[in-house]
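I have placed the structure first, in the form of structure tokens, so that the comments after it can refer back to it.
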Amino acid sequence: MPKLNLLVEEIAQLADRPPFLSPDGWDTLTHPSLASAGYRSREYRVSGEARVFRTPHAIPSSERYATRVMVIAPERDADFSGVVHIELLNPSSGSDFPMFWPDAGFHLMARGDAYLGVTCKSVTIADLRSRDPERYGSLLIPHDSMIWDLLGSVAGATHQEEAGGMLLGLRAPSRRFATGWSQSGSFLRSYLSERFHEEHSSALAGGVPNGGEAESQIIDGYLIGVSSGGFGPMGYVEIDRDGEMELDTSYTPTESLPGLIALDDHRRTISRPPVPVIEYLSEDEAVQHLWHQRPDSDLPGDQYRCYQVPARGHETGLLPTSARRSENGLSDGEDLDSEDPPRHNGSQWLIAATITHLVLWSEGTPPPRADPIPFDVPRALTRDTLGVDYTGIVPVHDETGHAMGGLRYLEIELPLVRMHVVPSQRHIMRPWEHVPFTRAEADARYGGEAAYAQLARRRAAQLVSQGWLLPEHTELAIRAACEKYPSHLDE
């Protein structure tokens, strides 16, 4: 039985250096400042004991680890909703990256939710140590397979007062949700498929099987973002995998991967989750996930939804790279390593609605269902055995060139910008381009700005009734859509 004990120690706050990844260290924000919302960021060294799965079938040994949790939470218990979100920070760039918080933070703060961003892989531990030895020098994850018990321990601590010390001054959370995006989303797929959830729930209950009762679950729901079970190298992460995978410029593995499970292995598809699970895919992952789709379900012991977002790519979150210039120690004149993909503004409303649905689902209210994006698959297609190259599979488009089906939002229902994939040699994280309508095109389609605004208001009301737009975001979404109407100066 795994041990879920966790030692929590606050990392000293430094006046000139906020916690790494804290919005307090960003040059621009995608949400109100933490202070103005009654929030504060802190960071903690959390340490414990976790099993190491050096081979999948051998009896695992146990070793000590020490990682970091970055916390964003209300200052006052009166403002705390009781809900906490645990994000496994994405490690794919070699540095921690929060793919969930920048898009969802405005909604989490409005709700009064708390957020824990967890460093979960040895490569990002090494990055933190090199960035700030004084602050992070004692952190250590000896083997990446420790992530499974690490997650269980952090989630287990959230069942205690003040979340075991990570939520100072706040009561024990009443609900906790795990989220991971891209590679980190695949960690959660493996966590569920290998039944670590049930094992840790039993450990939390003192070794007594929980019998499926919601109040005894280690985690109350999962949001798996932009992670496809059909992406061979990373759609499912073997429990004993350690180290970084080498991929070429098209994201094909540069060497054979021992132990990589087959594309049709049942573990690549979420099945019989004991708590609600929502998989949230962009159009990019929906292509790869085509053979791993399963029906939505409201059955007890199999609560599942798959939400697909047309005209959004894998890496189109709201936080621009330039917003973290000073956090990365760069001056205004220095170049950043990467260019920003186009921002996908509709995501913030869809993610907010998805979060609300997941929380309500954990309390007994099933969320709406969405049709998947339909695809044309060539008759002669032979599936890539590596699960990387899905060339030739294209979505069914509407007259503006956008994919049909999926979650609907104003920018695709009443488009003023054509959002499409740019041809390249890349198989994943494909580049996207946004091409604005000309004024003549917009006027011909909608009849002018005033007529467009009326259409947007009517369509927004329909989206609210369908569950894809929250009532409190209606005016913001309408305004954001109308602001894209081209002016005569754009001709």
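A few notes on this one:
- Segment 409-433 - residue that is assigned to a strand (DSSP E or B) and charged (D, E, K, R) and, of those, farthest from residue 483 (Cα to Cα): 433
- In the condition set (1) at pLDDT 95 or above; (2) part of a loop (DSSP other than H, G, I, E, B), residue 264 is compliant with all but (1).
- Segment 420-463, subset surrounded by fewer than 16 Cβ atoms within 10 Å (Cβ to Cβ), acidic (Asp, Glu) and over 20 Å from residue 476 (Cβ atoms), residue farthest from the chain's Cα centre (by Cα): 441
- Top-ranked residue in segment 295-315 [being at pLDDT 95 or above and among the charged types (D, E, K, R); ranked as surrounded by the most Cβ atoms within 10 Å (Cβ to Cβ)]: 305
- Residue tally, condition assigned to a loop (DSSP other than H, G, I, E, B) and either among the basic types (Lys, Arg) or under 17 Å from residue 47 (Cβ atoms) (or both), over segment 57-84: 1
- The one condition in (1) among the hydroxyl-bearing types (Ser, Thr, Tyr); (2) at pLDDT 95 or above; (3) within 20 Å of residue 405 (Cα to Cα) that residue 362 fails to fulfil: (3)
- Any hit, segment 370-393, residues being buried (at least 22 other Cβ atoms within 10 Å of the Cβ), assigned to a helix (DSSP H, G or I) and out of contact with any Cys (no Cβ under 7 Å at 6 or more places or on another chain): no
- Extreme residue, farthest from residue 318 (Cα to Cα), among residues of segment 6-18 that are assigned to a loop (DSSP other than H, G, I, E, B) and modelled with pLDDT of 90 or more: 6
So that you can scan it fast, the table gives a plain yes or no per residue for (1) out of contact with any Cys (no Cβ under 8 Å at 6 or more places or on another chain); (2) in a loop (DSSP other than H, G, I, E, B); (3) under 20 Å from residue 103 (Cβ atoms):
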{"residue": "435", "(1), (2), (3)": "yes, no, no"}
{"residue": "445", "(1), (2), (3)": "yes, no, no"}
{"residue": "456", "(1), (2), (3)": "no, no, no"}
{"residue": "459", "(1), (2), (3)": "yes, no, no"}
{"residue": "462", "(1), (2), (3)": "yes, no, no"}
{"residue": "472", "(1), (2), (3)": "yes, no, yes"}
{"residue": "475", "(1), (2), (3)": "yes, no, yes"}
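- Qualifying positions in segment 14-29 - free of Cβ contacts under 8 Å to residues at least 60 places away in the same chain and loosely packed, with under 13 Cβ neighbours inside 10 Å: 15, 16
- Across segment 444-488, the number of residues qualifying as in contact with a helix residue (DSSP H, G or I) (Cβ under 6 Å, 6 or more places away or on another chain), among the hydrophobic types (A, V, I, L, M, F, W, C) and within 17 Å of residue 416 (Cα to Cα) comes to 7.
- Annotation note: Cβ proximity below 8 Å between a residue of segment 57-79 that is acidic (Asp, Glu) and a residue that is assigned to a strand (DSSP E or B) (sequence gap 6+ or interchain) occurs for 63/49; 63/50; 63/52; 75/39; 75/40.
- Residue list for segment 262-289, restricted to those being among the aliphatic types (A, V, I, L, M) and either crowded, with 18+ Cβ neighbours inside 10 Å or touching a Ser or Thr at 6+ places or on another chain (Cβ under 6 Å) (or both): 263, 270, 275, 277, 278, 281, 286, 287
- Residue list for segment 162-195, restricted to those being of a type in the set (A, V, I, L, M) and touching a helix residue (DSSP H, G or I) at 6+ places or on another chain (Cβ under 7 Å): 163, 166, 168, 170, 172, 178
- Scan segment 270-299 for residues that are in contact (Cβ under 8 Å) with a residue 60 or more places away in the chain and among the polar types (S, T, N, Q) and the total you get is 3.
- Hey, residue 460 among the small types (Gly, Ala, Ser), within 28 Å of residue 317 (Cβ to Cβ) and touching a Ser or Thr at 6+ places or on another chain (Cβ under 7 Å) or not: yes
- Residue 24, sole failed condition from (1) under 30 Å from residue 61 (Cα atoms); (2) assigned to a helix (DSSP H, G or I): (1)
The values are calculated or read from the model by the stated rules, or taken from the named source; none is laboratory data. Since we're looking at a predicted model, the values are computed, not measured. Every residue, glycine among them, receives a Cβ derived from its backbone with ideal geometry; neighbour counts consider all protein chains shown.
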